[in-house]
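First the structure, in the form of structure tokens, and then the observations on it.
The values are calculated or read from the model by the stated rules, or taken from the named source; none is laboratory data. Note that the structure is predicted; figures quoted are calculated from it, not measured. Virtual Cβ from ideal backbone geometry, glycine too; neighbours counted across all protein chains shown.
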Amino acid sequence: MGPETIVWIVPDDASQADIAAADLRKAGYTVIEQSLAAASRLAADLRVLPTASLADEATLRLACAADRRPTLVLAHDEAAEAVALEVCDLRDEVVRLPQAPQHVAARLERLIRRERDSAWLHRDAVTGLLNRRAFGLRLRKVLEEMLPGEVRGLVRLDLDRFRLLNDEFGHAVGDQLLRSAAELLAAGASPEDSIGRVGGDEFVLLLSRYDLQTLVNDAHALLKRLSVPIEVPSAGRSVVLTASAGMTVLRPHFTESEVMRQADAAMYEAKGAGRNRLMCFETAAGGYVAPDIDADLDRFNEVTKVFSDRLARIVGDMGRRLVEGARRQALQDALTGAHNRRYFDERLAREVSQAHRSGRPLALALLDIDDFHGINANFGWPSGDGVLREFAALAGGNVRLVDWLARYGGEEFCVVLPDTTAEAAVTVMERIRAAVGGHRFEATDGRPVSVTVSVGVAMTAPGDDSPVALVDRAGRACLRAKAAGKNRVVLGDAAA
């Protein structure tokens, strides 16, 4: 038995420990009973989720979809088992109760073993993030395929004094803290961002934003997310992590080694400045200073240089803001903040071409909010706009790091899932469908609005000459979902 820690979900008003949890402790597991809301803050490796502790089906759906840790679901009846099988991730296990404690323990060991084995060659075994090699491949691909006007940054992040925490608590707790740090970073990142662990306590993040100021602000926000207290059950206390980070802005002509070296230099600048901060390579790098010749001439040169620099900075900032604002308007949907149709058309064509060249699968999902015209008619158009904004936030928050969301038109959205099998794509869409169904939408006057979504999923095929055929198959699958009763995910037929 390994050092894994298990969090066992209990009702908020539980007065005593679960008997089965006690049996698992006797078998050598570290088991902590905790409420569903508090469990996400624990530095645990696995979850055990008894469905009897949940209030209703909506709570069960959210509980299954909200936590990315491998979960053993203990279904207390047939209905709960069906819901869990529908919404759980492929990394999870579902068991129908009653079961003997040794059988539950065997399922947990299987879950642990599968989780270890599924740490593919491109995943870090401790955190599940991209490893050094995979992140390097992703970075090289981004540099090769950057479009004019794209704003991307590389952040290299090193946890401050992490070796002292390892010495104090041991490496098992250190690994739990690394996993918690990875989860905090992933929770605050955009679905299009890539996060990797490149060794020890060092993480790297590849961020994509609409403008430079947003890029810098979001990098600062990600760094602040690490300051959330992380409970360490074995130590009986919580730990607050801090990190020193360096960021550099990507340019198409740069190489992987150049941008990594720049981010590394900025990170060490942050450490030298007192740690727990972000430094940007572009502002940290110093300039050339000419030697003194004559005091008056130097003073004149300094005044001229300051004036010229300030004027150039003002003009440059104005131009940058204008360009970034125009680019944002051109590629971002003004209402929802998702990518717009123009961005979707341009990038999907590139994704399809890359999928054909590499021979890797590409999935496209078309999501159509059910009965949206009725929402507008019954609650008013401002309420409908609010539903669209919240829906986009839910969908964007439930896709993986490699996926991206765009508004296709009206109440229709698309999610593109690169390097994804049909089964995995359906699982991601079921997670979105469950999150939407369990979310409380409200009209502008406070009335609850019932919202569901129908989803059609399609896969690229060798005969696809353009994205049109792929979009058409996803659209027809979505229509089949509507015809079958709505609020469901349908996988489209393969191309003829």
Go through segment 466-496 and report how many residues are assigned to a loop (DSSP other than H, G, I, E, B) and either out of contact with any helix residue (DSSP H, G or I) (no Cβ under 9 Å at 6 or more places or on another chain) or under 19 Å from GLU423 (Cβ atoms) (or both).
9
For VAL455, which of the numbered conditions (1) in a loop (DSSP other than H, G, I, E, B); (2) farther than 16 Å from PRO191 by Cβ fails to hold?
(1)
Taking ALA100, is it touching a helix residue (DSSP H, G or I) at 6+ places or on another chain (Cβ under 8 Å) and exposed (fewer than 15 other Cβ atoms within 10 Å of the Cβ)?
no
Determine whether LEU108 is free of Cβ contacts under 8 Å to residues at least 12 places away in the same chain, hydrophobic (A, V, I, L, M, F, W, C) and not assigned by TED's automatic domain parsing to the domain that holds VAL249.
no
Residues that are of a type in the set (Val, Ile, Thr), closer than 25 Å to PRO448 by Cα and in contact (Cβ under 8 Å) with a residue 24 or more places away in the chain: does segment 348-365 have at least one?
no
In segment 23-40, what count of residues is obtained for those that are modelled with pLDDT of 75 or more and more than 30 Å from the chain's Cα centre (by Cα)?
2
Assuming GLY437 fulfils every condition listed in (1) part of a helix (DSSP H, G or I); (2) touching a residue at least 24 places away in the same chain (Cβ under 8 Å); (3) farther than 22 Å from ARG61 by Cβ apart from one, which condition is it?
(3)
Can you tell me which of (1) assigned to a loop (DSSP other than H, G, I, E, B); (2) closer than 30 Å to ARG123 by Cβ; (3) in contact (Cβ under 8 Å) with a residue 60 or more places away in the chain; (4) over 17 Å from the mean Cα position of the chain (by Cα) is the one THR336 doesn't meet?
(2)
Scan (1) assigned by TED's automatic domain parsing to the domain that holds GLN213; (2) of a type outside the set (Asp, Glu); (3) free of Cβ contacts under 8 Å to residues at least 12 places away in the same chain; (4) in a loop (DSSP other than H, G, I, E, B) for the single condition GLY149 breaks and write down its number.
(3)
Go through segment 10-22 residue by residue and tally those that are touching an Asp or Glu at 6+ places or on another chain (Cβ under 8 Å) and modelled with pLDDT of 70 or more.
2
All but one of (1) outside any helix (DSSP H, G or I); (2) closer than 25 Å to GLN354 by Cα hold for ASP445; which doesn't?
(2)
Could you tell me which residue of segment 195-220 is surrounded by the most Cβ atoms within 10 Å (Cβ to Cβ), considering only residues that are modelled with pLDDT of 90 or more, farther than 26 Å from ASN166 by Cα and in contact with a helix residue (DSSP H, G or I) (Cβ under 7 Å, 6 or more places away or on another chain)?
LEU207
May I ask you to say which residue of ALA172, ALA187, ALA182 is surrounded by fewer than 17 Cβ atoms within 10 Å (Cβ to Cβ), among the hydrophobic types (A, V, I, L, M, F, W, C), in the same structural domain as LEU147 (by TED's automatic domain parsing) and within 13 Å of the chain's Cα centre (by Cα)?
ALA187
Hey, could you check segment 444-472 for residues that are touching a residue at least 24 places away in the same chain (Cβ under 8 Å) and in contact with an Asp or Glu (Cβ under 7 Å, 6 or more places away or on another chain) and say which is surrounded by the fewest Cβ atoms within 10 Å (Cβ to Cβ)?
THR452
Taking segment 367-426 as the search range and keeping residues that are among the charged types (D, E, K, R) and in a helix (DSSP H, G or I), which one is farthest from the chain's Cα centre (by Cα)?
ASP385
Identify, please: which residue in segment 363-400 is in contact with an Asp or Glu (Cβ under 6 Å, 6 or more places away or on another chain) and not charged (D, E, K, R) and is, among those, surrounded by the most Cβ atoms within 10 Å (Cβ to Cβ)?
ILE369
Within segment 48-79, the residues that are among the hydrophobic types (A, V, I, L, M, F, W, C) and over 20 Å from HIS439 (Cβ atoms) are VAL48, ALA52, LEU72, VAL73, LEU74, ALA75, ALA79
Could you say whether any residue in segment 435-443 is surrounded by 20 or more Cβ atoms within 10 Å (Cβ to Cβ), closer than 27 Å to ARG360 by Cβ and not small (Gly, Ala, Ser)?
no
Listed by first then second residue, the pairs whose first member lies in segment 382-403 and is touching a residue at least 12 places away in the same chain (Cβ under 8 Å) and farther than 11 Å from SER190 by Cα, whose partner is part of a helix (DSSP H, G or I) and among the small types (Gly, Ala, Ser), with beta carbons under 6 Å and at least 6 positions apart or on separate chains, are LEU394/ALA435
